[in-house]
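*Asks:* Pasting in a structure now, in structure tokens, and then I'll have a few things to ask.
The values are calculated or read from the model by the stated rules, or taken from the named source; none is laboratory data. Keep in mind the model is a prediction, meaning the values are calculated, not measured. With ideal geometry, Cβ positions are generated from the backbone for all residues, glycine too; neighbour counts draw on all protein chains shown. These accessible areas exclude ligands, DNA and RNA; they are computed on the full protein's heavy atoms, side chains included. Shrake-Rupley method; radii C 1.70, N 1.55, O 1.52, S 1.80 Å.
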Amino acid sequence: MRNDDIRNAEAAASGGGDVRLVKPAVELRAAYMDFYREWIDSGEDIVPWVVERDPSDFEAYVRFLLEASEEARVEEGWVPHSTYWLQDGDGRIVGAANIRHRLNRKLAESGGHIGYGVAPSQRRKGYAKAMLAQALTVTDRLGLEEVLVICDRGNVGSERTILANGGRFDSEFTEAHGNVVRRFWIRREP
């Protein structure tokens, strides 16, 4: 798949109500910083992992996110990945998804192909379900016929989101620090 196809996947990923996945862009700085600050102020674990990165040099942050989809720019031990922000009809960033183009051992055990998160104030509005559905259209464009999605055991909301998007329970995995995750596969039509 060409990088242009990945960058344009948000056009195919529209839908899911009044929210849509968009590629990170410098023009979205104010909306993203509101989203980021809410996560920081909440004190909760931030997901997906790319949202934890310090965006104070916003242009460099956006460049990092965009270049991460290119095989030649990925650090050793990592896989190419694409990040999308979930934007609502008012232009706010309400969530983020990180899509891994393939799995390495760590991702196969406890990370999966798609990591996603919704800002604390925006939960229980159907955004996670819409975001995962739209992220799956991106994995379709990547040619992935089976997509691994993982959530912490006990995260009922995330498990329901995965099941609503066709997830089938596979197994549980205990991470090194003792956290147990549940692994689900979503079969996609070729």
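*Asks:* Please count how many residues of segment 176-190 are hydrophobic (A, V, I, L, M, F, W, C) and either open to solvent by less than 40 Å² (accessible area, probe 1.4 Å) or part of a helix (DSSP H, G or I) (or both).
*Replies:* From segment 176-190, those hydrophobic (A, V, I, L, M, F, W, C) are 176, 180-181, 184-186; that's our starting set.
From what's left, either open to solvent by less than 40 Å² (accessible area, probe 1.4 Å) or part of a helix (DSSP H, G or I) (or both): 180-181, 184, 186.
Number satisfying all stated conditions: 4.
*Asks:* Follow-up question, since we're still on this one. For segment 17-33, enumerate the residues that are part of a helix (DSSP H, G or I), of a type outside the set (Gly, Ala, Ser) and surrounded by 14 or more Cβ atoms within 10 Å (Cβ to Cβ).
*Replies:* 28, 29, 32, 33
*Asks:* Further question on the same structure: Being in a loop (DSSP other than H, G, I, E, B) and within 19 Å of the chain's Cα centre (by Cα) is the filter here; which residues of segment 34-48 pass it? Write out each step before concluding.
*Replies:* From segment 34-48, those in a loop (DSSP other than H, G, I, E, B) are 43-48; that's our starting set.
Hits for segment 34-48 are 44, 45, 46, 47, 48.
*Asks:* Is segment 61-77 home to any residue that is within 13 Å of the chain's Cα centre (by Cα) and without any contact (Cβ under 8 Å) to a residue 40 or more places away in the chain?
*Replies:* no
*Asks:* Need pairs with beta-carbon distance below 6 Å; first residue at pLDDT 95 or above and within segment 14-27, second open to solvent by 50 Å² or more (accessible area, probe 1.4 Å); sequence gap 6+ or separate chains.
*Replies:* Between residues of segment 14-27 that are at pLDDT 95 or above and residues that are open to solvent by 50 Å² or more (accessible area, probe 1.4 Å), the close pairs are 20/14; 23/7; 26/59.
*Asks:* Can you confirm whether residue 108 is over 16 Å from residue 48 (Cβ atoms) and aliphatic (A, V, I, L, M)?
*Replies:* yes
*Asks:* Mind checking which residues of segment 34-47 are of a type outside the set (Asp, Glu) and either open to solvent by 20 Å² or more (accessible area, probe 1.4 Å) or at pLDDT below 95 (or both)?
*Replies:* 36, 37, 39, 40, 42, 43, 46, 47 - these are the residues of segment 34-47 that are of a type outside the set (Asp, Glu) and either open to solvent by 20 Å² or more (accessible area, probe 1.4 Å) or at pLDDT below 95 (or both).
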